[in-house]
Each structure stands twice: as structure tokens, then as C-alpha cells.
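Here the structure comes first, spelled out in C-alpha cells, and everything after it is commentary.
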Amino acid sequence: MITRVDVRKRVSEIAKEIDDPEKAHSMEDDLWELVLKTLAIGNTDDPKGICSEALKTKRIDFPRWCA
């Protein structure tokens with residue numbers, strides 16, 4: 001089970017990678033996928049909490065490229 005604290009830690013790890021935008025963006029995508037999968041299987045007792053924590057990645061300033 002993923003918790004709000006787990007997601008907060010992952011967001012912090014993403015913020016540490018802003019000098020490598022490609023890595024930070026990949027980590028962000030991986031986190032969002034994990035949150036969505038967690039919600040889909042109902043494996044959390046705090047769905048709003050993990051979502052609100054994951055959305056904090058949008059406040060991290062790094063380029064996000066899409067092909």
C-alpha cells in the first residue's frame with residue numbers, strides 16, 4: 001500500500017533532480033502511474049491525500065517535454 005508519506009517522499013526526490021529534467025519528468029510520470037494504479041485497485045486508505053501530494057510535482061519548475 002502506498003501512503004501519503006510515501007508520495008511526499010517521491011515528490012521530494014523528484015525535486016532533487018531538476019538539474020536533469022528528463023529524469024525528473026520520468027520520475028514524475030512513474031509516480032503518477034503508481035498513484036493511478038493504487039487508486040484503481042483501491043490499495044490506499046487516503047486517496048485524496050495521495051492525489052494531492054502527487055499533484056505537488058506540478059509546482060516543481062523543470063522543463064517537461066513530450067514527443
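Each value in this text was obtained by applying a stated rule to the coordinates, not by laboratory testing. Keep in mind that what you see is a predicted model, and the values were worked out from it rather than measured. Here the Cβ is made from the backbone with ideal geometry for all residues, glycine too, and neighbour counts use every protein chain on show.
Residues Asp20, Asp46, arranged from fewest to most other Cβ atoms within 10 angstrom of their Cβ, appear as Asp20, Asp46. Calculated mean residue ellipticity at 222 nm for the chain: -19500 deg cm²/dmol, from DSSP H runs with n ≥ 4 weighted as -39500 (n - 2.57), summed, divided by the residue count and rounded to 500.
Taken about its Cα centre, the stretch 4-59 carries a charge dipole of roughly 300 debye when the Cβ of each Lys and Arg holds +1 and the Cβ of each Asp and Glu holds -1. Based on alpha-carbon atoms, the Kirkwood radius and the radius of gyration of the chain give Rg/Rh equal to 0.98. Considering only alpha-carbon pairs that sit under 8 angstrom and 6 or more positions apart, the relative contact order computed for the chain is 50 percent. Note that the stretch 12-26 has calculated 3J(HN,Hα) couplings of 4, 5, 5, 4, 6, 9, 5, 6, 10, x, 5, 5, 4, 5, 4 Hz, one per residue in order, obtained from phi through the Karplus relation 6.51 cos²θ - 1.76 cosθ + 1.60 (θ = phi - 60°); glycine and proline are x.
Would you mind checking Lys16/Lys56; Lys23/Lys48; Lys16/Lys58 for any pair whose Cα atoms are more than 18 angstrom apart? From the list (Lys16/Lys56; Lys23/Lys48; Lys16/Lys58), the Cα-Cα distance tops 18 Å for Lys23/Lys48.
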